[in-house]
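Right, one structure below, let's go through it.
The values are calculated or read from the model by the stated rules, or taken from the named source; none is laboratory data. This structure is a prediction, so every number in the text was calculated from the model and none was measured. Using ideal geometry, Cβ is built from the backbone for each residue, glycine included, and neighbour counts are taken over all protein chains shown.
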Amino acid sequence: MEQIEISQGPEMHRRQIELPDGRYLLFFTFDTTEDENEPGTGSEVEIAANT
Amino acid sequence: MSELRFNPLLGEWTATATARQERTFLPPDNYCPLCPTVPGGFPTEIPEANYDIVAFENKFSSLRSVPETPSIEGNEFYRVKPSRGVCEVVVYTPHHGSSLADEPVEQIYKLVRVWTDRFRELESLDFVEYVFIFENKGEAVGVTLHHPHGQIYAYPFVPPYILKELSQARDHMETQGRCLYCDVVEEETRLSARIIAENDSFIAVIPFFARYPYETHIYSKRHLQALTDLFADGQRDLAEILKQVLAAFDRLFEVPFPYIMSIHQRPSDGANYDFYHFHIEFYPPMRSKNKLKYLAGSEAGAGMFINDTLPEEKAAELRSHIRPVSWQATT
């Protein structure tokens with residue numbers, strides 16, 4: 001199974017893998033640091049370039 | 001087989017999804033496909049021994065980004081098109097016996113963040129016009145897996161219920177110059193009898209026009225259209241009011257309270273929806289401890305709901321079960 005690193009945000013981290021039948025699965029993990037009070041900060045995950 | 005068939009009588013699309021007939025149906029707890037895959041155990045949908053929150057493409061999907069060829073050819077009258085879209089499952093926690101109501105507010109806050117991420121990404125797909133986040137909880141509303149989870153459907157069109165809301169909100173803005181939902185919030189706040197819970201960013205009510213005895217709506221106090229418009233404090237306030245309402249549901253009859261949770265956001269088709277207003281609707285089917293409200297003749301056949309209760313009385317009942325929420329850690 002291919003392991004693909006997708007995101008590293010300031011608080012929320014997202015890691016994507018491909019399941020054997022081709023579907024994607026996303027693992028979300030979280031740091032405990034405060035985020036900034038800006039709209040949509042919960043979704044500020046950036047797609048990393050190593051895919 | 002899967003395709004979209006247009007209903008000319010109602011002007012709506014119906015999805016056929018025959019593979020869903022084969023989906024896992026109420027498996028025993030030790031064969032839950034949404035639990036972590038433990039060493040020596042059977043392989044679940046989630047191939048790791050632990051996780052926090054996961055989202056994945058639904059195995060028994062009614063919409064696919066690369067859809068199947070329709071099983072039947074359409075024509076100008078009976079229109080058919082491929083079921084293009086995305087269906088995701090969002091698993092809230094690795095704890096099989098938990099529920100969103102049982103999870104700490106910190107976990108619900110994380111879920112709000114995940115919903116926001118999924119909304120942002122799915123709405124960016126060029127074939128998606130509406131991202132619908134929802135949860136079915138309890139066998140009374142047709143749940144086939146008890147592990148705490150919700151779903152996301154990214155539709156290639158704006159669905160009918162949302163179109164109707166948009167039409168009403170647009171008309172109100174054009175005729176009154178104000179947001180319809182902001183006016184509902186103002187009216188519910190003025191009367192206060194139907195308020196269940198409230199914080200700086202959100203208000204939960206059994207609205208004046210509730211169709212189900214415990215139908216509960218959570219409205220943003222700020223005029224915004226989607227999860228992506230929330231500030232961090234708004235995300236926390238949303239988690240907090242969700243925790244309060246869901247826990248109150250479970251306290252009502254001292255049973256895990258079934259519901260449909262429906263998150264209503266603006267469409268993702270690129271048009272301007274400044275007149276619309278982000279909110280969440282809950283449709284619980286219970287009307288008392290031992291009775292369900294069924295969608296029968298008037299509701300299913302005519303679209304006319306009959307509520308056997310008064311929203312003001314049910315709101316007072318539900319409000320009596322609201323408790324303060326405490327955060328255990330800084331998130």
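Of note:
- Output for region B:105-125, where each listed residue is over 16 Å from the mean Cα position of the chain (by Cα), within 17 Å of residue B:94 (Cβ to Cβ) and either at the interface with chain A (Cβ under 8 Å from one of its Cβ atoms) or not in a helix (DSSP H, G or I) (or both): B:110
- All positions within region B:209-244 that are of a type in the set (Gly, Ala, Ser), assigned to a loop (DSSP other than H, G, I, E, B) and within 14 Å of another protein chain (Cβ to nearest Cβ): B:226
- Region B:98-143: number of residues that are over 20 Å from residue A:24 (Cα atoms) and among the acidic types (Asp, Glu): 6
- Within region B:123-148, the residues that satisfy the criterion of being touching a strand residue (DSSP E or B) at 6+ places or on another chain (Cβ under 9 Å), surrounded by fewer than 23 Cβ atoms within 10 Å (Cβ to Cβ), more than 17 Å from residue B:280 (Cβ to Cβ) and modelled with pLDDT of 95 or more are B:123, B:125, B:127, B:129.
- Selection status of residue B:101, of a type outside the set (Ser, Thr, Tyr) and touching an Asp or Glu at 6+ places or on another chain (Cβ under 6 Å): yes
Conditions tested, residue by residue: (1) within 23 Å of residue B:100 (Cβ to Cβ); (2) at pLDDT below 95; (3) within 14 Å of chain A (Cβ to nearest Cβ); (4) over 25 Å from the mean Cα position of the chain (by Cα).
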site: B:41; (1), (2), (3), (4): no, yes, no, yes
site: B:57; (1), (2), (3), (4): yes, no, yes, no
site: B:72; (1), (2), (3), (4): no, yes, no, yes
site: B:75; (1), (2), (3), (4): no, no, no, yes
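- Scanning region B:265-283 for residues that are touching a Ser or Thr at 6+ places or on another chain (Cβ under 7 Å), more than 25 Å from residue B:177 (Cα to Cα) and buried (at least 21 other Cβ atoms within 10 Å of the Cβ) turns up at least one hit.
- Considering region B:245-331, the qualifying strands (runs of 3 or more DSSP E), each wholly inside and each with 1 or more residues that are over 22 Å from the mean Cα position of the chain (by Cα), over 28 Å from residue B:154 (Cβ atoms) and hydroxyl-bearing (Ser, Thr, Tyr), run over B:286-288.
- Every residue from region B:134-162 that is outside any loop (DSSP other than H, G, I, E, B) and in contact with an Asp or Glu (Cβ under 9 Å, 6 or more places away or on another chain): B:149, B:150, B:151, B:152, B:153, B:154, B:155, B:160
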